[in-house]
Structure formats: C-alpha cells, structure tokens
2 protein chains.
Amino acid sequence: MAGADFSDFGINIAIVGLGLIGGSYAMALRELNPKSIIGIDKDPGVIGEALSSGVIDSGSTSGSEALKDANLVIMALYPKESVEFLKKNVRFLKKGAVVTDSCGVKKDVIEKVCDFLPEHVDFIGGHPMAGKEKKGLRASDKNLFKGTNYILTPIARNRKENVKLVENMAVAIGCKNVVSITPEEHDRVISLTSQLPHVIALALVNSCLSETNIGLFAGGSFSDATRVAEINSTLWSQLLLMNSENLLEVIEKFEDSISRIKSALRDRDKEALDDIFISASTNKRKMV
Amino acid sequence: MAGADFSDFGINIAIVGLGLIGGSYAMALRELNPKSIIGIDKDPGVIGEALSSGVIDSGSTSGSEALKDANLVIMALYPKESVEFLKKNVRFLKKGAVVTDSCGVKKDVIEKVCDFLPEHVDFIGGHPMAGKEKKGLRASDKNLFKGTNYILTPIARNRKENVKLVENMAVAIGCKNVVSITPEEHDRVISLTSQLPHVIALALVNSCLSETNIGLFAGGSFSDATRVAEINSTLWSQLLLMNSENLLEVIEKFEDSISRIKSALRDRDKEALDDIFISASTNKRKMV
C-alpha cells in the first residue's frame, strides 16, 4: 500500500510527543493526505512551532480534547511516559481508536497498557527502527523512515484490520520491511541488534577515558563503533532496564566471542583467528 | 605544504603493491606532478591495467631495475610482505632513497627493516588511517586520503629532511592531520582506535550465528558496529598477532567497561547507568 491515501478513510491522526520521532511521523504522514494531524506535546513552544510550520493541523498541550476525534493515535514518547500518558488519557480515546507506539521495548509496555485499556480501543505495538543522534522537532525529517525496518508486535486481542492499518501506514511512509513478531521475540532480537551495539559503543568510549587526542589516531572503524555512544540517558536507561534479562544474555554471548579472539591471540593461533574471520565474513554477508 | 609540487624536486616515486592503498597513492601523487611514478606489483595484469589507465608511468613485476631511480619508495604491501620485499631488494635501492610504508603495525616492521637496511637508505614508518572495505587497484581513489589522519613514526636514525618529505607528501595528498609519534606509542594507541573496533565487529557478528533474518531487525547502530566485520584475513591476522600484547591489554580494559554495564543492569542501578552514559557522552564529545 505504498502511496496509501489516508484521506480516503477520513482519518484523523493524533501524534503524542513532537520530538524527532513524532515530528517525523507528522511530516511523513502529511504526504498521505489524512483528514487531519493533531499534535500533542507538553511544550507549548513546540506546538507553536509545529503549527506555524504546518507540520500539524491542530495542537494541544494535553490529551483530553485533542484525542476525542483521533482514529489513529501514535505514541512518540519514551516507554514510561507513553504508558503514563495513555493511563491518564484513556477515557478521552475515541471508541474504536487504534493506538500504536514507537517504543524500543515491547513486552513491558504492551502488558502495562493492556492492563487499563478498554475493549473498544486497540493497542498495536510498533517499533520503527529509525533514528538520528539529534533530537527535537527541528531535527525531524519526512524521510526518516524511508528504507528502514518497522517491527509490529500484534497480540491476540488486536483486530486484524487494525494491524493492517498500522502496517499500511509503515509501508506508506517508506519503510522497506514491515515485519510482525511477538513482543517477546521483539525484545529478544532487539537486545542483540540495537541494545548490544549501544552497550558496546558506551563501553568502547569508556575504555578510552585516559587517552588524549584520540581523534588524531582514529580511523573509520572507531568512528563507526562509537557513533551512538552519546546516548539520551533518560530514554536509554528505560530501554536497557526494561529489557535487562535479554540484554544480559546477549552481552554474555558477545563476551564469549571476545574470549575466543583473546585465546587465539594469546596462543598466537593463526588458524583459530582465521576460523573467526571466516565465520564473521560468512555471517556478515548473510546479514545484508 | 598543501599543493606541494614534487616535480620541483625531480622526484621519482616507486609504489610497491598496486592494491587499494598503492593505487590510491599513485592517483593522489599524480596530482603533485612528480617526475615519474613507478609501479611494482607481482601481478602483471595489475601493472598492465595501471599503465593503460595512466596511474603509473612505468611498471614492473619485480623490484630490481624499477627501484634504481626511485627517490621515494612507498611500500603498500602487508606487513610481512613489506619486510620481505625490502630485504630481497635492498641492494637495488638508490643511494639516499627515502622509503616509507603504510603498515598498520610499526614497531615490529621498523625493527625488522632496520636490521638489514644500509646506512644510506632512510626508512620512515608511516600509517595512513584510510581504507575501504573493497580491495584491489579498481577500488583505488585519488581522494582516499582526503581529510584522514596520517601517522608517522620517525626514529633516531631518520634524517629530519626525509621525515619532512613524507610529512609534506601526506599533507599534499589531502590528509587532515599528520602526527609524529614513536612506533611503540603508535602500536599502543592503534590497538585501541583500530584493532579493538575490528575485534568488536568480529565478536558481534559471531555472537549472532544462530540468528536468522537479522537484517530485518537491524538499525543503524548494528550496521555501523559490524561494518568492518568482513575482514581481509591475511592482512588482519598479521596486524593482530604482531600487536597482540597491546591488543590484549585494551580488550581487557574494554571487558571491564562491559562488566560495569552488566553490573548496573543486574543491580537495576539507574544511577550507575546514568554515570556510565554521562561519562561516555562527555568523552565522546572530546573525541570529535
């Protein structure tokens, strides 16, 4: 459904949180001609900016009124804040509304939301694998989702047509792959493909604390491996702690791989090193 | 000395090894109008290609004759092969020739070369921090060195004017920073800024061996952290083994950093996590 025209459905979309992600949703969704885009953000300055640049049609610093006509609500807040906002505003949600989110952990968020969500509202977990190091509305980009992966984590209580709606939206804003998996599987795989690389970047930078002028001696591999080390600590402490069990497991697997390399180096075992290189090359090629 | 005109010096430059690095040297040096560029590569097909594309003025599959007029010899072979080539061809080197190399380990290479090098030839260790995942002459690029770091590792026996010549060359082919440090310091710092990120990429890919469809769930952080995992095993087993002592030390520092993160996760210690994030952010900003 590339080129989906959301105006056909008379759809009103509310976006909660107009930071980098929320702002980018708004800009990308604008291209699909929805009936209206409603922005909700606690910062009135951000609402003003989004209104005057035409990113949203109407805006509010609270949920209540702004939510009542929204057919689709996209949560673009941090995990804890997403749950809290929904809990506080659940009574304002339109009957039959579809709510989705963009949190990087799913099981915990979905369980908490389902605890208080009424039957007539459908919450469909989503995780767009898109981002930038910059944050805030001004860093938003209508092309942020182009060519990226979008993970949906539907559960038994979700209605098929609602899952389809969110899926269509992801395709229409340019995502390359839209995949549905269970929340549990999401959290397991994401601990490996997103959280572990962040942990590695943090650890690598922190193991250089005593070095000076490191920029003079760094090549591309170092820059790449440390790109995400400047982390949004409010968001990432939530993500890592909410998924700590999975994360600890993949960190330990990674440590085992490091140990194998250390042994090969200590034993000056060229053959063992070659095996490690070959296995990495083979696996890397399969990943593309 | 940006814009150095090597024709002023009547300089003949021999480049040994016309792979990605050697080919890129030839193309970048061409812009400096040296008297001539001589290419040496054991593969006659590569020599033919380099001649017909004008990358070199003359070529040979062996050192002997081709080296006799070279004022500057640039070794663009792997470490072991660089040492072996020089040992075999040392008697053909012009009196007063300056020889430099591009190896990623310095102490071992310089010690070995100095063992057999006559007084009248000056060997100045060099390490251009430039590269690509592709290899071979066809991947060469005259802009490969633009904006990169170039490390020189002069020793007591080097003549100042010769060090200056190589330094000028590095600036003239576009390097952003040209820094002189000791071979020992080079090997120590490079184990951290280049070898450790490669070890990490290998270990990360190898800890995903049992995963399927990982590409569907990977964001930018994973792609970045694994970019260099498809490694040239001949080159890298030399680099890692020749510098294993330094490398093992930085791996262990890195493991300590990982352990700190693990403890914070296990203890669900948000404050400890925040400290780790803050220290990484602060340090990352200093590195740029």
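The values are calculated or read from the model by the stated rules, or taken from the named source; none is laboratory data. Everything numeric in this text was worked out from a predicted model, so none of it was measured. FYI the Cβ positions are ideal-geometry reconstructions off the backbone, even for glycines, and counts take in every protein chain you see.
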Checking the structure you have, find out if any residue of region A:211-232 is in contact with a Cys (Cβ under 6 Å, 6 or more places away or on another chain) and more than 25 Å from residue A:78 (Cβ to Cβ).
yes
Checklist (1) touching a strand residue (DSSP E or B) at 6+ places or on another chain (Cβ under 9 Å); (2) of a type outside the set (Gly, Ala, Ser); (3) more than 9 Å from every other protein chain (Cβ to nearest Cβ) applied to residue B:188, failing item
(1)
Give the residues of region B:177-192 that are without any contact (Cβ under 8 Å) to a residue 40 or more places away in the chain and in contact with a helix residue (DSSP H, G or I) (Cβ under 9 Å, 6 or more places away or on another chain), sorted by residue number.
B:177, B:178, B:179, B:180, B:181, B:182, B:189
Working carefully through the options A:47, A:37, A:74, find the one that is in contact with an Asp or Glu (Cβ under 8 Å, 6 or more places away or on another chain) and surrounded by fewer than 23 Cβ atoms within 10 Å (Cβ to Cβ).
A:47
Out of B:226, B:193, report the one residue that is touching a Gly at 6+ places or on another chain (Cβ under 9 Å), within 18 Å of residue A:200 (Cα to Cα) and within 7 Å of chain A (Cβ to nearest Cβ).
B:193
(1) modelled with pLDDT under 95; (2) within 7 Å of chain A (Cβ to nearest Cβ): which one isn't true of residue B:261, the others all being true?
(1)
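For region A:183-199, indicate whether the set of residues that are surrounded by fewer than 18 Cβ atoms within 10 Å (Cβ to Cβ) and under 21 Å from residue A:79 (Cα atoms) is non-empty.
Scanning region A:183-199 turns up at least one residue that is surrounded by fewer than 18 Cβ atoms within 10 Å (Cβ to Cβ) and under 21 Å from residue A:79 (Cα atoms).
Sort out which residues of region A:187-218 are among the charged types (D, E, K, R) and modelled with pLDDT of 95 or more, and write them in order of number.
A:187, A:188
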Please verify whether residue A:193 is assigned by TED's automatic domain parsing to the domain that holds residue A:242 and among the β-branched types (Val, Ile, Thr), treating the condition exactly as stated.
yes
If a residue has to be facing chain B (nearest Cβ under 7 Å) and surrounded by fewer than 18 Cβ atoms within 10 Å (Cβ to Cβ) to count, how many in region A:242-252 make the cut?
1
Could you please let me know if residue B:171 is in the same structural domain as residue B:122 (by TED's automatic domain parsing), within 25 Å of residue B:287 (Cβ to Cβ) and part of a helix (DSSP H, G or I)?
yes
Please verify whether residue A:239 is crowded, with 20+ Cβ neighbours inside 10 Å and more than 7 Å from chain B (Cβ to nearest Cβ), treating the condition exactly as stated.
yes
Sort out which residues of region A:100-124 are in contact with a Leu (Cβ under 7 Å, 6 or more places away or on another chain) and part of a strand (DSSP E or B), and write them in order of number.
A:123, A:124
What single numbered condition from (1) in contact (Cβ under 8 Å) with a residue 12 or more places away in the chain; (2) more than 21 Å from residue A:22 (Cα to Cα); (3) touching a strand residue (DSSP E or B) at 6+ places or on another chain (Cβ under 8 Å); (4) within 10 Å of chain B (Cβ to nearest Cβ) fails to hold for residue A:217?
(1)
Number of positions in region A:273-288 that are acidic (Asp, Glu) and at the interface with another protein chain (Cβ under 7 Å from one of its Cβ atoms):
1
